[in-house]
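Structure record follows, encoded as structure tokens.
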């Protein structure tokens, strides 16, 4: 097993452990964060109905209008504000945060803090 495979296996193991404890419902969907080296993706998911309520990424037009880069803490904060506004539009005020196996640090933490400031409770 090479270094990349070990890294991916560790991320998958941590993500499985987090997902075993976190589940979204219609009243309180799961705020799922996926992070790559250059972009971030966020979805609101109702696991009971197996539906995605809304999704936002650093590749979308809403984010591109901010002029920030997706691989930075500032970009993650801007994405958190956007997802907070979209959640409010869809009638969601409370969520369960799913960090996707990543540490609650840096971009993931900035996104969560900005989503809280935008009105989401978790």
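What follows is calculated from the coordinates using simple rules that are stated; it is not laboratory data. Here the structure is a predicted model, which means the values were calculated and not measured. Using ideal geometry, Cβ is built from the backbone for each residue, glycine included, and neighbour counts are taken over all protein chains shown.
Over the chain, what is the relative contact order in whole percent, taking alpha-carbon pairs under 8 Å and six or more residues apart?
Averaging sequence separation for qualifying contacts and normalising by length gives 28 percent for the chain.
Assign one of three labels to the range 6-48, namely rounded, prolate or oblate, based on the Cα gyration tensor with a ≥ b ≥ c the square roots of its eigenvalues; rounded applies when a/c is under 1.5, prolate when it is not and a/b is larger than b/c, and oblate otherwise.
Note, shape of the range 6-48 comes out oblate.
So what is the calculated 222 nm ellipticity per residue for the chain, using -39500 (n - 2.57) for each DSSP H run with n of 4 or more, over all residues, to the nearest 500 deg cm²/dmol?
-13000 deg cm²/dmol
List 64, 86, 69 from most exposed to least, where exposure is judged by having the fewest other Cβ atoms within 10 Å.
Listing 64, 86, 69 from fewest to most nearby Cβ atoms yields 64, 69, 86.
Students often check this: by mean Cβ neighbours within 10 Å, which of 13-20, 33-40, 94-101 ranks highest, and how do the rest follow? Let's see the in-between values first.
Values: 13-20: 12.8, 33-40: 16.2, 94-101: 19.4.
Top of the packing list down: 94-101, 33-40, 13-20.
Please arrange 32, 54 by how many other C-beta atoms lie within 10 Å of their C-beta, fewest to most.
Placing the least packed residue first, the sequence is 54, 32.
Any chance you could tell me what percent of the C-alpha pair distances in the chain go past 19 Å?
45
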